[in-house]
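Structure, as structure tokens:
Values quoted throughout were computed directly from the atomic coordinates according to the rules given, and no laboratory measurement underlies them. Please read these numbers as outputs of a predicted model, since none were measured by experiment. Cβ atoms come from the backbone with ideal geometry, glycine included; neighbour counts cover every protein chain shown.
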């Protein structure tokens, strides 16, 4: 996969990532966008045996610079994820957790001790939303996010914006305000479009203008890097310098068309440092799937 698919925009942009998942989930989201895996009962029919020690070789075979635990939540296979992460760390391969962050203190400490980056779903900024629509609670997720930032794991957040459920101006502003004040203004936030799925087929898809409004609210609350996803929005795909406004990374869906940060992590115009990881594994352009008509 292109790493932009996770989504991670400030961690080795333009590079390829090997995606590994199992089946099952520790949440019960009524709107799950990946229910064929998260609710699957046919894991043995759909899986292959992959020893942790074999993963680095698989990365080399497929030209991947990192490994993602994704598609379903690594919180349901933590021991396996940890063993893979340790095998990868021995040979300098980065690992990424794509997770809802719903873990207890001991589990999160063990998992993120060996993880380099994470995209964490902040599903809403409402305890009521988590309880009714995800069968979970907000507080452990916020604690996981704070833990990862404090542990120097690179963190990007994703909120799936669902019409009528977590898209009010007040809630979006409160979420962005918490991110800016608690985590810092440089934590990237991805605001993505909901599509009717699983047990919420009666809810309409998120309109592009809703995401643009949500992005403007987050920027107005002080966040520097706010992106939109699952919609056509060139501005919401683009990374700009927070200091001078120069375009630094242009994307088209999962493809990087232009990357001015590769190898340096600095704006070529004003030399401001951009938060993230942009070392030699970061590509100036990539061949990931480009955006077509939706």
- Message: Working only with C-alpha atoms, what are the Rg and Dmax values of the range 68-142, expressed in angstrom?
- Response: 13.2, 44
- Item | Full-stretch length increase - residue 168, residue 232 - with 0.36 nm per residue and alpha-carbon distance subtracted | 20.9 nm
- Message: Restricting to DSSP H runs of at least four residues, report the calculated mean residue ellipticity at 222 nm for the chain, -39500 (n - 2.57) per run over all residues, nearest 500 deg cm²/dmol.
- Response: -7000 deg cm²/dmol
- Item | Share of Cα-Cα pairs in the chain lying beyond 23 Å, as whole percent | 54
- On the formula 1/(1 + (r/R0)^6), with r taken between the Cβ atoms of residue 79 and residue 137 and R0 of 22 Å, the FRET efficiency rounded to 0.05 is 0.35
- Task: State, to one decimal in nm², a quarter of the convex hull surface area for the C-alpha atoms of the range 206-257, i.e. the direction-averaged projected area.
- Result: 3.6
- Item | Per principal axis, descending, Cα span of the range 198-294 in whole Å | 48, 33, 21
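Rounded to the nearest 0.05, what FRET efficiency do residue 36 and residue 58 give with R0 = 22 Å and r taken as the Cβ-Cβ distance? Could you check? Mind showing how you got there, number by number?
Numbers: r = 23 Å, r/R0 = 1.06.
Here the calculated transfer efficiency is 0.40.
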- In nm, what is the difference between 0.36 nm times the number of residues separating residue 212 and residue 273 and their Cα-Cα distance? 19.3 nm
- Please label the shape of the range 48-195 as rounded, prolate or oblate, based on the square roots a ≥ b ≥ c of the eigenvalues of the alpha-carbon gyration tensor (a/c under 1.5 means rounded; beyond that, a/b larger than b/c means prolate, else oblate). prolate
- Message: Which of rounded, prolate or oblate describes the range 1-125 when judged by the alpha-carbon gyration tensor and an a/c cut-off of 1.5?
- Response: rounded
- With a point put 7 Å past each Cα toward its Cβ, work out how far residue 152 is from residue 113 in nm, to one decimal. 1.6
- Query: So for the chain: antiparallel DSSP bridges make up what percent, rounded to the nearest 5?
  - Reply: 25
- Item | Alpha-carbon centroid distance for the pair the range 164-193 / the range 57-87, whole angstrom | 28
